[in-house]
Amino acid sequence: MINNKSFKYKIKTFNNIDEIMRNWSRICFPKNKLKLKSISKIEVSKAIKNQRLSNDMSLKFVAELLHISEATLKSYEMGTRLVKLDVIYQLSQIYNMTIDDLIHGNA
């Protein structure tokens, strides 16, 4: 009931919704691609450490730019701690690269 009135759905309404969902699913999740991508914490940690080293930046310098402790940055680079999204974003700006390139280790 909507506003104390009985509301009946037409079967055509549901058919259209099903069609919309099928189309959405085909567009968002093509058959030849995985539905979800996963990112290895270890791969990300190696990638951010490699970027820091290839840019000749010290652990202390990058930690200061990020306003985090050296220990925190080191734990990110060792893979013992999951890197926060805002830190990933800041690192991509520091190294002048996209987030995607940063987390996949593309130079």
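Read-outs: derived from the displayed coordinates by stated rules, not from any lab. The shown structure was predicted, so the numbers you read here are calculated from the model rather than taken from an experiment. Neighbour counts are summed over all protein chains in view; Cβ atoms, including those assigned to glycine, are modelled from backbone coordinates with ideal geometry.
Quick notes
- For segment 41-103, the gyration tensor built on C-alpha atoms gives a rounded shape. Its axis ratio a/c (a ≥ b ≥ c) stays under 1.5.
- Cross-link partners of Lys74 among aspartates and glutamates (Cα-Cα below 14 Å; sequence separation of 8 or more within a chain): Glu64
- Projected label distance in nm at Asn96 and Met57, using a 7 Å step from Cα toward the beta-carbon: 1.2
- Applying both filters, DSSP loop and at most 15 other Cβ atoms within 10 Å, to the trypsin sites (Lys or Arg not before Pro) of segment 68-98 gives Arg81, Lys84.
- Ranking Thr72, Ser92, Leu59 by how far each Cα lies toward the positive end of the dipole of segment 41-103 (charges on Cβ) leaves Thr72 at the top.
- Counting every other Cβ atom within 10 Å of each residue's Cβ, Leu82, Leu73 order from fewest to most as Leu82, Leu73.
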